[in-house]
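Take a look at the structure set out below.
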2 protein chains.
Amino acid sequence: MDKNERQILLTPGPLTTSTTTREAMLRDWGSRDGEFIAMTARVRERLAALAGAANSHVCIPLQGSGTFAIEATLGTLVPAAASGKLLVLINGAYGRRMARICDILARAYVTFETPEDVPPTAAEIADVLAADGAITHVAAVHCETTSGILNPIEDIAAVVADAGRALIVDAMSSFGALPLDAGTIPLTALAASANKCLEGAPGMAFAIIEKEALAAAAGNAPSLSLDLHDQWRVMEDTGQWRFPPPVQVIAALDQALAEHQAEGGIEARAARYGRNRRVLVDGLRDIGFETFLPDALQAPIIVTVRMPGDPEFSFDRFYDLLHGQGIVIYPGSVTIEPTFRIGCIGRIDEDDMRRALAAIRDALDEMGIAKDGLAPAS
Amino acid sequence: MDKNERQILLTPGPLTTSTTTREAMLRDWGSRDGEFIAMTARVRERLAALAGAANSHVCIPLQGSGTFAIEATLGTLVPAAASGKLLVLINGAYGRRMARICDILARAYVTFETPEDVPPTAAEIADVLAADGAITHVAAVHCETTSGILNPIEDIAAVVADAGRALIVDAMSSFGALPLDAGTIPLTALAASANKCLEGAPGMAFAIIEKEALAAAAGNAPSLSLDLHDQWRVMEDTGQWRFPPPVQVIAALDQALAEHQAEGGIEARAARYGRNRRVLVDGLRDIGFETFLPDALQAPIIVTVRMPGDPEFSFDRFYDLLHGQGIVIYPGSVTIEPTFRIGCIGRIDEDDMRRALAAIRDALDEMGIAKDGLAPAS
């Protein structure tokens, strides 16, 4: 790669951030100092406002990755077995991970699983809830990064609310780019992270939780570090994080949130990512690749591509050739079928997607893969 | 504060880092890309080498603050009640926190507590261990940041090893500045973080654990995110973090570790912090303050000062006046007696300490506090 040419990360996060967001990390902050307390408050308010939840819900930031926030949300909100039971909707690795967390935390749960390219329907969920009155909470993934599928979160929320259960949404790879308005969609909690569609740096995640549900959750969490009730209580009392926060990462998110607003908020970000997806999907199909999902289910977040059937195609070599041109895609697959993934998110635009497509064409030429070799093995 | 003048953090972390360390955060990294995998491996090796443990132990980095690594280490290594029992040595808030973690994780434990200015002796610990054969592990804090006291870790390690128990050390505020060589001091695990004496950015902590003890710990952890055995296994298999790491924070630590080595390693860092402490303690006493600890127990990490007895002395105003001169000290106290704390660590030197002392003198003048008003209320 030409050292002067920007590396483009087409990954589901950490991803490409703006130079100004990274420059916000160039100073030190005392984590218990007034300036930093004010920054934490501003970030929390902006995140809650993005969820349309500034009055009803509260944002609790947490050190760590998105999975830390998911585990913390489940552990804090779902009471121990006998008092609580979770229904986990699964159509990919992130749904499966929530079930694994329940196993480890000894939370009672059941799953409802659909194939990785099939969203659950409201009717199916209603049936499961009607048949099992012990279920207190339902967990759903908004955009399942495994495949990039968009689950029908409004329909899910409506049916869960009708049945009088609490909804917890993994909004990790959608928050900030796909609308999820707690003012109109009944949800008890969502969890997301700084380093996906908000285009911040990794190191901080957060949950946005209905105040009453959180207030009722004292003592539930089977962890000190991941206890969101305790994190919230201390933050409300003192404005401070309980334990040293990643100050530079929060400064980066503060800047990234200002840039999100300046771009035009969720709508503008969704439009840019949608253009990225359009250029990418059209370009990939034009080259000869098959996408894993039909367009109607494809969120503008990450595109999953079926692995070419040509035995000459080596994904590792393909990855390295793209890397040599400054294009970093996601290595490896988490779907059950062999696939690879290319992200549409981050501080990238249609020109970046065209540059990526040109690099893909060059890599295929270099590998001697013809168009008809790109069809998946049947 | 003059905007051109550098703010000095005299806090126990996050603290003052070097400009070059912060500049290492100016790029993005794909977290599953080969370049980043190589950086993770380099950081892990350097950390294990600093502990003198490159052959016997392994370094497992973890997203989050130091408390996350402490909780993860206890949860991963100490088996659930009935199979394991921890003796927690307490002379401050961080020892107490380990006991609280055991309560939450449902680990069996007993405590041995000494006053905040008194270290435990080897004989006392030997007695406790001899009297309770069920104790499998002992947890000790190397430098208790509550007061800045240095606990006699070599003596503790020897007596724990003699009794055939496993030692877990909270080395949070000492690692990188005070020697703790697992090659000569028998210890099963230590936990520390990037943003104390290593002078990295906050957002990442780590444990250094004896390989055999870690290999035997599969399935112990009552958490997915904080399972160090699982984190280690995946990292050994793939070189990758299980969940997205704070890539910029790790790049900063990589740079900070190079600067640690260039400075002359642990010995040179201990010497610089020792000079900082000398200038600070002498200066504070000259002004009229009393330090909480006698010199023999005072680690060169953080100095605890008795709160002045003069009713005109307002700590909040003192803090703000120092802040106005670009000096950020630790707000608030965690000792049982009223005190405040000033850090000696971070990328600061004797001149910075003299600047802080001058700002302290100015603040006292501004508040109209005479030298004899600085004696603590009796």
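The values are calculated or read from the model by the stated rules, or taken from the named source; none is laboratory data. As the structure is a prediction and not an experimental result, all values here were calculated from the model. Cβ atoms come from the backbone with ideal geometry, glycine included; neighbour counts cover every protein chain shown.
More than 30 Å from B:Gly30 (Cβ to Cβ), assigned to a helix (DSSP H, G or I) and not hydroxyl-bearing (Ser, Thr, Tyr): does that describe B:Ala270? The answer is yes for B:Ala270. Of all the listed residues (B:Ala213, B:Ala218), the sole one being modelled with pLDDT of 95 or more, within 13 Å of chain A (Cβ to nearest Cβ) and under 14 Å from B:Leu74 (Cα atoms) is B:Ala218.
Please determine, by comparing only the residues of the range A:267-282 that are of a type outside the set (Gly, Ala, Ser) and surrounded by fewer than 22 Cβ atoms within 10 Å (Cβ to Cβ), which one is farthest from A:Cys59 (Cα to Cα). It would help to see each step written out before you state the result.
Residues of the range A:267-282 of a type outside the set (Gly, Ala, Ser): A:267, A:269, A:272-273, A:275-282.
Of the ones still in play, those that are also surrounded by fewer than 22 Cβ atoms within 10 Å (Cβ to Cβ) are A:267, A:269, A:272, A:275, A:278-279, A:281-282.
Values: A:Glu267: 21, A:Arg269: 21, A:Arg272: 26, A:Arg275: 30, A:Arg278: 33, A:Val279: 35, A:Val281: 35, A:Asp282: 38 Å.
So, considering only residues that are of a type outside the set (Gly, Ala, Ser) and surrounded by fewer than 22 Cβ atoms within 10 Å (Cβ to Cβ), the one farthest from A:Cys59 (Cα to Cα) is A:Asp282.
Is it the case that the range A:22-31 has a residue that's closer than 27 Å to A:Thr145 by Cβ and of a type in the set (A, V, I, L, M)? Show your work before the answer.
Let us first name the residues in the range A:22-31 that are closer than 27 Å to A:Thr145 by Cβ, namely A:22, A:24-25.
After this cut, where a residue has to be of a type in the set (A, V, I, L, M) as well, the list is A:24-25.
Yes, there is a match, as at least one residue in the range A:22-31 is closer than 27 Å to A:Thr145 by Cβ and of a type in the set (A, V, I, L, M).
Note on the range A:246-262: residues that are part of a helix (DSSP H, G or I) and either in contact with a Ser or Thr (Cβ under 7 Å, 6 or more places away or on another chain) or under 17 Å from A:Gln63 (Cβ atoms) (or both) total 11. Sub-7 Å Cβ pairs linking a first residue in the range A:191-218 that is under 13 Å from A:Ala51 (Cα atoms) to a second residue that is acidic (Asp, Glu), at least 6 apart or interchain, are A:Ala191/A:Asp170, ordered by first then second residue.
Do the conditions hold for A:Ala72, that is, is it within 14 Å of another protein chain (Cβ to nearest Cβ), closer than 29 Å to A:Asp155 by Cβ and of a type in the set (Gly, Ala, Ser)? Answer is yes for this residue. Number of residues in the range A:26-62 that are surrounded by 19 or more Cβ atoms within 10 Å (Cβ to Cβ), closer than 22 Å to A:Ala139 by Cα and not β-branched (Val, Ile, Thr) equals 9.
Looking only at the range A:52-108, count every residue that is assigned to a helix (DSSP H, G or I) and closer than 30 Å to A:Ile336 by Cβ and tell me the total.
As a first pass, look at the range A:52-108 and keep what is assigned to a helix (DSSP H, G or I): A:66-77, A:93-105.
Still in the running and closer than 30 Å to A:Ile336 by Cβ: A:66-75, A:77, A:93-105.
So the count comes out to 24.
Screening A:Ser223 against (1) more than 11 Å from every other protein chain (Cβ to nearest Cβ); (2) assigned to a loop (DSSP other than H, G, I, E, B); (3) over 28 Å from A:Thr19 (Cα atoms); (4) small (Gly, Ala, Ser) leaves a single unmet condition, (1).
Would you confirm whether any residue within the range B:210-228 is within 20 Å of B:Glu45 (Cβ to Cβ) and of a type in the set (Ser, Thr, Tyr)? Break it down into steps so the answer makes sense when it comes.
So the first thing to find is which residues in the range B:210-228 are within 20 Å of B:Glu45 (Cβ to Cβ), and the list is B:210-215, B:228.
With of a type in the set (Ser, Thr, Tyr) added as a condition, the list becomes none.
No, the range B:210-228 contains no residue that is within 20 Å of B:Glu45 (Cβ to Cβ) and of a type in the set (Ser, Thr, Tyr).
Taking (1) within 14 Å of another protein chain (Cβ to nearest Cβ); (2) touching a His at 6+ places or on another chain (Cβ under 9 Å) in turn, B:Thr188 satisfies each apart from (1). Scanning the range A:40-57 for residues that are away from chain B (no Cβ under 13 Å), of a type outside the set (S, T, N, Q) and in contact with a Lys or Arg (Cβ under 8 Å, 6 or more places away or on another chain) turns up at least one hit. Only a single criterion out of (1) away from chain B (no Cβ under 14 Å); (2) not β-branched (Val, Ile, Thr); (3) not in a helix (DSSP H, G or I) is not satisfied by A:Glu236, namely (3).
Quick check, is B:Thr20 on the phi < 0 side of the Ramachandran plot, at pLDDT 95 or above, within 13 Å of chain A (Cβ to nearest Cβ) and in contact with a strand residue (DSSP E or B) (Cβ under 9 Å, 6 or more places away or on another chain)?
Numbers: on the phi < 0 side of the Ramachandran plot: yes; at pLDDT 95 or above: yes; within 13 Å of chain A (Cβ to nearest Cβ): yes; in contact with a strand residue (DSSP E or B) (Cβ under 9 Å, 6 or more places away or on another chain): no.
It is false that B:Thr20 is on the phi < 0 side of the Ramachandran plot, at pLDDT 95 or above, within 13 Å of chain A (Cβ to nearest Cβ) and in contact with a strand residue (DSSP E or B) (Cβ under 9 Å, 6 or more places away or on another chain).
For the subset of the range B:1-14 comprising residues that are modelled with pLDDT under 95 and within 8 Å of chain A (Cβ to nearest Cβ), which member is nearest to the chain's Cα centre (by Cα)? Among those residues, the one meeting the criterion is B:Gly13.
Here A:Gly30 meets each of (1) within 11 Å of chain B (Cβ to nearest Cβ); (2) touching a Lys or Arg at 6+ places or on another chain (Cβ under 9 Å) with one exception, condition (2).
For the range A:96-116, the candidate set comprises residues that are surrounded by fewer than 17 Cβ atoms within 10 Å (Cβ to Cβ) and farther than 16 Å from A:Ile70 by Cα; within that set, the residue that is nearest to the other protein chains (Cβ to nearest Cβ) is A:Thr111.
For B:Asp286, the criteria (1) part of a strand (DSSP E or B); (2) more than 14 Å from chain A (Cβ to nearest Cβ) hold in every case but one, which is (1).
Beta carbons closer than 7 Å, at least 6 apart along the sequence or on distinct chains, pair a first residue in the range B:93-110 that is more than 19 Å from A:Gly75 (Cβ to Cβ) and among the aromatic types (Phe, Trp, Tyr) with a second that is modelled with pLDDT under 95 and crowded, with 17+ Cβ neighbours inside 10 Å for B:Tyr94/B:Thr145; B:Tyr94/B:Thr146.
Scanning the range B:314-331 for residues that are surrounded by fewer than 17 Cβ atoms within 10 Å (Cβ to Cβ) and without any contact (Cβ under 8 Å) to a residue 40 or more places away in the chain turns up B:Phe315, B:Asp316, B:Asp320.
Could you check the range A:326-374 and list, in sequence order, the residues that are part of a loop (DSSP other than H, G, I, E, B), within 14 Å of another protein chain (Cβ to nearest Cβ) and modelled with pLDDT under 95? It would help to see each step written out before you state the result.
Restricting attention to the range A:326-374, the residues satisfying the condition of being part of a loop (DSSP other than H, G, I, E, B) are A:326, A:331-338, A:344-349, A:368-370.
Those still in the list that are within 14 Å of another protein chain (Cβ to nearest Cβ) too: A:326, A:331-334, A:345-348.
A:Pro331, A:Gly332, A:Ser333, A:Val334, listed by residue number.
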